[in-house]
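The next block holds one structure in the form of structure tokens; read it before the comments.
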Amino acid sequence: MLKQRIITALILLPIALCGFFLLEGAGFALFIGLVVTLGAWEWARLAGFAEQLPRVVYAAVVALLLFLMYILPDVAPWVLGAAVLWWALATFLVLTYPRTSGKWSSVACKLVIGLLILLPAWQGLVYIKHMALGNWLIMAVMVLVWGADIGAYFSGRAFGKRKLAPAVSPGKSWEGVYGGLALTLLITLVVGVVREWETKQILVALIGAAVVVLISVVGDLTESMFKRQAGIKDSSNLLPGHGGVLDRIDSLTAAIPVFAVLLWMAAS
């Protein structure tokens, strides 16, 4: 399994890096759209579709919506705003699972939720890419999420005692969250000092980093919640040794749109 994971990672990493940082404009939007469409195909399974046809149809609908969003860029604020509202609601749903699972257990409801998760992630990346330091900002949100994962893994293994959301993901602990948050705040602080930011800028960056990291945890737990409800371990087998696309981007689907909204607020 470890060998398989390493081989898959070595193949996917350069593809992902080239797609994120070398492509521009329509090419970038198409590359991210492909990833999101694959995620939609997986999400249809979590929503309750076992057969391929309805899963492909759902993925095609998502692809069409992405195209419409690309040619109608004025909808971006609405899409990102909907994401913020959704992730606030998702936090509540994760914390109250399984007591509130009946509120969203229908197939139709889960299909709509899939749109609220996937479409804003695409929109957020396209928005960030068009900013002056787009590539660096995309790297920044990824470093925050990866740093949170690494910090959570080691601190959770060393100190994890209090379960974060035992009904959703029994392996995660509050100590892991604290460790991931501490590492990302340290990274943010170091970047601010090296780049000689003013004290106010550093404080704002630290607050923003904390928000992004905490919402990325919600993104991870949300996919776990839907997989648990569906009785599925991995979203698919598309990535040998890693599960599916959603298993790799669950934290980013929450972090990216929130990060984009914070950038928009900072620029206003």
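The values are calculated or read from the model by the stated rules, or taken from the named source; none is laboratory data. All figures in this text were calculated on a predicted structure; none of them were measured in a lab. Glycine gets a Cβ as well: all are built from the backbone with ideal geometry, and neighbour counts include every protein chain shown.
Report the residue count in the stretch 9-57 for those that are among the charged types (D, E, K, R), part of a helix (DSSP H, G or I) and free of Cβ contacts under 8 Å to residues at least 40 places away in the same chain. I'd like the intermediate steps shown before the answer.
Taking the stretch 9-57 first, the residues among the charged types (D, E, K, R) are 24, 42, 45, 51, 55.
So of that shortlist, the ones also part of a helix (DSSP H, G or I) come out as 42, 45, 55.
Those left that are additionally free of Cβ contacts under 8 Å to residues at least 40 places away in the same chain: 55.
Total satisfying the criteria: 1.
When each of 47, 76, 60 is tested for being closer than 14 Å to residue 232 by Cβ, among the aliphatic types (A, V, I, L, M) and out of contact with any Ser or Thr (no Cβ under 7 Å at 6 or more places or on another chain), the lone residue that passes is 47.
Is it the case that residue 84 is at pLDDT 95 or above, β-branched (Val, Ile, Thr) and in contact with a Ser or Thr (Cβ under 8 Å, 6 or more places away or on another chain)?
Values: at pLDDT 95 or above: yes; β-branched (Val, Ile, Thr): yes; in contact with a Ser or Thr (Cβ under 8 Å, 6 or more places away or on another chain): no.
No: the conditions fail for residue 84.
Looking across the stretch 149-170, the residues that are crowded, with 18+ Cβ neighbours inside 10 Å and not polar (S, T, N, Q) come down to 149, 151, 152, 156, 160, 164, 165, 168. Restricting attention to the stretch 99-112, which residues are under 22 Å from the mean Cα position of the chain (by Cα) and not in a helix (DSSP H, G or I)? Of everything in the stretch 99-112, those that are under 22 Å from the mean Cα position of the chain (by Cα) and not in a helix (DSSP H, G or I) turn out to be 104, 105.
Just one residue in the set 224, 173 is more than 28 Å from residue 126 (Cα to Cα), hydroxyl-bearing (Ser, Thr, Tyr), free of Cβ contacts under 8 Å to residues at least 60 places away in the same chain and crowded, with 16+ Cβ neighbours inside 10 Å; that residue is 173.
Counting only residues that are without any contact (Cβ under 8 Å) to a residue 12 or more places away in the chain and either surrounded by 15 or more Cβ atoms within 10 Å (Cβ to Cβ) or assigned to a loop (DSSP other than H, G, I, E, B) (or both), how many does the stretch 196-221 have? Let's see the steps before the verdict.
Applying the first criterion (without any contact (Cβ under 8 Å) to a residue 12 or more places away in the chain) to the stretch 196-221 yields 196-201, 203, 207.
Cutting the leftovers down to either surrounded by 15 or more Cβ atoms within 10 Å (Cβ to Cβ) or assigned to a loop (DSSP other than H, G, I, E, B) (or both) gives us 196-198.
Residues that pass the stated criteria total 3.
Residues in the stretch 125-148 that are among the basic types (Lys, Arg) and either surrounded by fewer than 18 Cβ atoms within 10 Å (Cβ to Cβ) or not in a helix (DSSP H, G or I) (or both): 0 in all.
Conditions (1) modelled with pLDDT under 95; (2) of a type in the set (Gly, Ala, Ser), marked per residue:
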residue	(1), (2)
12	yes, no
19	yes, yes
50	yes, yes
53	no, no
59	no, yes
68	no, no
71	no, no
76	no, yes
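What do you reckon, is residue 42 surrounded by fewer than 19 Cβ atoms within 10 Å (Cβ to Cβ) and among the acidic types (Asp, Glu)? Steps first, answer last, please.
Working: surrounded by fewer than 19 Cβ atoms within 10 Å (Cβ to Cβ): no; among the acidic types (Asp, Glu): yes.
So residue 42 does not fit the description; no.
Just to be sure before I move on: is residue 180 modelled with pLDDT under 95, part of a helix (DSSP H, G or I), touching a helix residue (DSSP H, G or I) at 6+ places or on another chain (Cβ under 9 Å) and closer than 19 Å to residue 95 by Cβ in the structure I sent? Step through it out loud before you land on a result.
Details: modelled with pLDDT under 95: no; part of a helix (DSSP H, G or I): yes; touching a helix residue (DSSP H, G or I) at 6+ places or on another chain (Cβ under 9 Å): yes; closer than 19 Å to residue 95 by Cβ: yes.
In short, no.
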